[in-house]
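What follows is a set of notes on a single structure, which appears directly below.
Coordinate-derived values only; no laboratory data. These numbers were taken from a predicted model, which means no experiment stands behind them. Heads up, the Cβs are rebuilt from the backbone with ideal geometry, glycines too, and the neighbour counts pull from every protein chain shown.
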Amino acid sequence: MRRTLLLAALLVAGCTQHHYLVLEDGVPLYAAPHSEEVLAELPKFHHEALGEEPQVHGRRVRLEYRGQHGWAPRGKVDVFGYLTPALDGGDERERVVQARIREARLRGVDWPADVVEAVRAGQVSRGMTREQVEVAWGWPSQLQRLDTRERWVWEKDDVEVVHSYQPYVYYAPYGCGPGGIGRGGLGWRTGATWVTHRVPVTRRRSVVFDAEGRVIQIDQERVRP
């Protein structure tokens with residue numbers, strides 16, 4: 001609850017990055033709000049962060065595409081926001097962007113309802129096709145051939161917070177608490193405290209497809225250096 005309130009306060013304070021996602025292929029990027037001069041054609045599913053608050057003029061929204069500034073039809077791009085990556089390391093950006101891409105790619109697919117819901121939630125299960133896995137998890141970082149089979153591997157560097165209970169020894173006046181040993185009013189004492197460590201980890205997951213291109217194996221692991 002406290003984290004939710006903090007995020008809400010940050011969003012209200014303007015700590016939001018905006019992003020856009022192209023929903024159709026060949027969407028025109030016009031030179032001006034009322035101009036018919038086309039600077040570029042935006043490819044389907046291209047997405048990019050906006051460097052400023054979204055500017056809307058009539059039925060067009062101002063975008064930047066590979067260094068060019070122009071105006072695209074509002075109904076053909078999805079503009080959304082997420083917490084500025086500087087505040088959370090980009091965790092919310094990754095989650096929100098991937099969810100929007102999945103939703104866009106699910107439009108019009110003729111897949112079973114349970115598969116659609118699993119993909120929408122970013123889940124992979126046995127029997128899925130390559131396309132369904134790609135929509136759910138994105139394109140892999142590695143593709144490996146295994147005779148008639150194929151393995152897709154995703155790897156992500158992350159940081160894991162680990163708490164440990166660490167003992168310590170200190171020298172203090174005798175009689176100030178339990179554990180005092182020694183003479184002359186001074187003594188060695190023992191104590192313990194919780195220590196927090198940030199440990200680098202690599203999160204790795206993979207799927208194996210059979211010769212027909214269906215998932216037959218799913219593995220997930222966490223690797224520490």
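Below are the figures for this structure:
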{"item": "Only one of Val115, Val124 that is in a loop (DSSP other than H, G, I, E, B), farther than 20 Å from Glu24 by Cα and touching a helix residue (DSSP H, G or I) at 6+ places or on another chain (Cβ under 7 Å)", "result": "Val124"}
{"item": "Residue check, Ala104 surrounded by 16 or more Cβ atoms within 10 Å (Cβ to Cβ), within 30 Å of Gly127 (Cα to Cα) and either touching a Ser or Thr at 6+ places or on another chain (Cβ under 7 Å) or among the small types (Gly, Ala, Ser) (or both)", "result": "yes"}
{"item": "Residue that is surrounded by the fewest Cβ atoms within 10 Å (Cβ to Cβ), among those in region 57-88 that are in a strand (DSSP E or B) and among the β-branched types (Val, Ile, Thr)", "result": "Val79"}
{"item": "Residues of region 115-133 classified as within 16 Å of the chain's Cα centre (by Cα) and surrounded by 16 or more Cβ atoms within 10 Å (Cβ to Cβ), total", "result": "1"}
